[in-house]
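The values are calculated or read from the model by the stated rules, or taken from the named source; none is laboratory data. Keep in mind the model is a prediction, meaning the values are calculated, not measured. Positions of Cβ are backbone-derived with ideal geometry, glycine not excepted, and every protein chain shown enters the neighbour counts.
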Amino acid sequence: MLEFQPVSLSIRPVVQAYMSRYGEGSCQHSFAASYCLRDKYGDSFCEHDGFLYTLRAKQCNERERVYLFPMGGTSDTEAVRQAVSNVLNDAHENGATAIFRTLTARAKDIVTSLFPGRFSVEASRDYTEYIYRIDRMVELPGHELASRRKKIVRFFRYYGERCMITPITEEHIGKIRHFQHRWLEARLSDNEDDPSARLQLEQENAGIQAALEDFFSIGLSGIVLTIDGEVRGYEYGAPLSDECFDAMVEKGDRNISSVYRVLNHEFLRLCCEGYKFVNWEEDLGSEYLRKTKTLYKPDIMAEKFILRENNQ
């Protein structure tokens, strides 16, 4: 049986090394995300024979155990077959069947080719990830993105020296917490009659609070936007690989026109130097987010899949 241990700062070097090398630039393959969302997913890890196994403990039940694809080299087919078998055996030893969540297309193809007919496959559109070239998103070239360029220029022209955008330091954390509290109250009020939306907001806020608690220890970096000395927005993220950076969270005062466009643009410019791609994560079924992310013409739409073990 695989011996899993809950995500913690002590195992960050091991987990991050595997995810950076084998995670394919997916925002699901991030130590920072696993750590911040531990109350939601309960990610636990096991390193065994050159593979990193991830159990989503809080998504498991008596009948099903939920895993990510085991991370390790895929050139040795028999080693990969054994790694997937280890997951299946772990589920069976716990009296359950195995589910692989948010697999990339490549990982899905590997599993289904090694175990034909063993799994049912479901495309997970809500978890498809939007990935963009950073140079293009900084320059915003062409006619289609011209209006976004102009709105950013207009923002800085209007606010001038009243606006400051700086990298997040320790002294900003308390001020960001205060802004996040006000932002959350406003959004909860907007969704007073929608329990599902309120739950999603509260879960997201729990992850943000976890991030702010150990911001630098988990390798996060970001920017804070102030106007007249008051925080009006922030954005942060973490590297996913040597090429790809994850834009994990951005929050802005919606009374400030174009604040999100400015946050996204300046985050890339100030925090993502040296990286080729930025992952702006999933839309999670939100029509507003889907429309917004699509308008920026993603260079890659990283499809995700769920594989459920068929009853044997």
Check: What are the residues in region 155-175 that are of a type in the set (D, E, K, R), surrounded by 10 or more Cβ atoms within 10 Å (Cβ to Cβ) and under 31 Å from the mean Cα position of the chain (by Cα), if any?
Finding: 175
Check: In region 238-247, is there at least one residue being aromatic (Phe, Trp, Tyr) and surrounded by fewer than 20 Cβ atoms within 10 Å (Cβ to Cβ)?
Finding: no
Checklist line | In region 18-30, residue farthest from residue 212 (Cα to Cα) [restricted to those that are within 10 Å of the chain's Cα centre (by Cα) and either assigned to a helix (DSSP H, G or I) or among the polar types (S, T, N, Q) (or both)] | finding: 26
Note to self: Of everything in region 202-218, what is of a type outside the set (S, T, N, Q) and either assigned to a helix (DSSP H, G or I) or touching a residue at least 60 places away in the same chain (Cβ under 8 Å) (or both)? Give them in sequence order.
What the structure shows: 202, 204, 206, 207, 208, 210, 211, 212, 213, 214, 218
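Okay, residues lined up against (1) among the hydrophobic types (A, V, I, L, M, F, W, C); (2) not in a loop (DSSP other than H, G, I, E, B):
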site: 262; (1), (2): yes, yes
site: 267; (1), (2): yes, yes
site: 270; (1), (2): yes, yes
site: 275; (1), (2): no, no
site: 278; (1), (2): yes, yes
site: 285; (1), (2): no, no
site: 289; (1), (2): yes, yes
site: 305; (1), (2): yes, yes
site: 308; (1), (2): no, yes
Checklist line | Given (1) at pLDDT below 95; (2) closer than 28 Å to residue 20 by Cβ; (3) more than 21 Å from the chain's Cα centre (by Cα); (4) not basic (Lys, Arg), number of the condition residue 258 does not satisfy | finding: (2)
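Condition test on residue 243, is it of a type in the set (D, E, K, R) and touching an Asp or Glu at 6+ places or on another chain (Cβ under 9 Å)? Spell out the reasoning first.
On the way: of a type in the set (D, E, K, R): yes; touching an Asp or Glu at 6+ places or on another chain (Cβ under 9 Å): no.
No.
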Check: Residues of region 260-305 being farther than 30 Å from residue 109 by Cα and among the basic types (Lys, Arg), which ones?
Finding: 261, 269
Check: Quick check, is residue 114 in contact with a helix residue (DSSP H, G or I) (Cβ under 9 Å, 6 or more places away or on another chain), farther than 22 Å from residue 233 by Cβ, among the hydrophobic types (A, V, I, L, M, F, W, C) and not assigned by TED's automatic domain parsing to the domain that holds residue 259?
Finding: yes
Notebook entry, point to check: Can you name the strands (runs of 3 or more DSSP E) wholly within region 37-87 that have at least 2 residues being surrounded by fewer than 19 Cβ atoms within 10 Å (Cβ to Cβ)?
Noted result: 43-48
